[in-house]
Every structure is written in C-alpha cells, then in structure tokens.
Amino acid sequence: VDNPRNETTVPVFPASNKFLIFSCLWIYCFQAINLTFFLTTFFDQASTAAAICGFVHFISFIPWPPLSSQYNTLSKNFKMMSTIIPLFGNGHAWYLISTLEGRNVGLQWYNLDQPVISKQTDMSVFEVFSLIILSGLINRG
C-alpha cells in the first residue's frame, strides 16, 4: 500500500475473520431495509413514509447507550427480544465482537456459536445473527 506520510495503518478488527465482519454488516442492512419496507406499507405517500421511517430508525437508537452500559446485567430473554429492533440487534452483535477483539481472539468460525461473556446471561454471535435474520424475514412478510 502506498503510504506517502509513513503512517502506520492498522485494521479496525485485526483479529476477526473479515468475512464474518462483512456478514454482520450485511445482516444488519438486510434487517433494517426489511423493517423500513414493512413500515412504509402503512403510508400512502412516499415522502411521509420516508420521513417517518427515518425518524423511527433514529429514535430507536436512543435507548441503546444506557442499556449497553449495563449489558452484563440484562437478561438473555431481554437481549433476544430486543434484537427485533435493528439498531439493538446490531448493537448486540458489535458489543460481542468488540469483546472478542478485546481478548485478541476476534470473531472466528470456531467461536461463532460460543457465549462471549457468560453462559447464563449472554448470547453467542451466531444467536444474534440468527435472530437478526429471523426479524428481517418476519418484517419481509
């Protein structure tokens, strides 16, 4: 790579499998787009639908920061139900991936189905991905 300023370049997720990181982004887009398409069926005008869907998408982020600071105390059932909201499902996935990155393990094929934080209260990344896909399929109709 041409680096004229001699800066050191470091990947954002150095320990994770690149395909799995891309899959996380793709699955989130799948869920968000399908939810948006689902919400647009309730409106007659495209401009109203776009405005409301953008507003709902933006507003759905507000509860995530306080919840993420207490992530370890949340029950597994709450975490599973909250993946219905695209930004929450995405937040769960990236929280678990960043935890794996903090351990210098990263998201790999062998740890995709293993609970990341604790076996009683946490989901695996595979469970999060599965719930996000299921939510996207439900919204698809």
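The values are calculated or read from the model by the stated rules, or taken from the named source; none is laboratory data. Please read these numbers as outputs of a predicted model, since none were measured by experiment. In this analysis, Cβ positions are derived from the backbone assuming ideal geometry, glycine residues included, and neighbour counts consider all displayed protein chains. Areas reflect the complete protein model, heavy atoms only, side chains present, ligands, DNA and RNA absent. Shrake-Rupley method; radii C 1.70, N 1.55, O 1.52, S 1.80 Å.
Assorted remarks:
- A simple spin-label model places the labels of Leu137 and Thr9 3.9 nm from each other, with each point 7 Å out along Cα-to-Cβ.
- Pairs of Cα atoms nearer than 8 Å and 6+ residues apart set the relative contact order; for the chain it is 36 percent.
- Set of aspartates and glutamates with alpha-carbon distance to Lys79 below 18 Å, sequence-local pairs under 8 removed: Asp113, Asp122, Glu127
- Helices in the chain, meaning DSSP H runs of at least 4 residues, each add -39500 (n - 2.57). Divided by all residues, the mean residue ellipticity at 222 nm is -19000 deg cm²/dmol.
- Integer Hz, Karplus 6.51/-1.76/1.60 couplings in order for region 131-141, x for Gly and Pro: 5, 5, 5, 4, 4, x, 5, 5, 5, 5, x
- Solvent-accessible area per residue, Å², over region 1-128 with all protein chains present [probe radius 1.4 Å]: 63
- Stretch gain in nm, segment Ala51-Tyr110, where the contour uses 0.36 nm per residue and the Cα spacing is subtracted: 17.0 nm
- The packing ranking of peptides 124-135, 16-27, highest mean first, is 124-135, 16-27, where packing means the average number of other beta carbon atoms within 10 angstrom of each residue.
- The phi-based Karplus calculation (6.51 cos²θ - 1.76 cosθ + 1.60; θ = phi - 60°) puts the 3J(HN,Hα) values of region 66-74 at x, 5, 5, 6, 10, 4, 5, 8, 6 Hz, whole numbers, x for Gly and Pro.
- Annotation: extensible slack from Lys119 through Ser60 equals 18.5 nm (criterion: 0.36 nm per residue apart, minus Cα-Cα distance).
- Comparing Pro63, Pro115, Pro11 in a Gaussian network model of the chain where C-alpha atoms under 10 Å apart are linked, the largest mean-square fluctuation is found at Pro11.
- For the pair Thr40 and Phe78, a Förster radius of 35 Å applied to the C-beta separation gives a FRET efficiency near 0.80, rounded to the nearest 0.05.
- Alpha carbon centroid spacing (whole Å) that separates region 1-52 from region 76-107: 15
- Of all accessible heavy-atom area on region 49-141, the percent that carbon and sulfur account for (1.4 Å): 67
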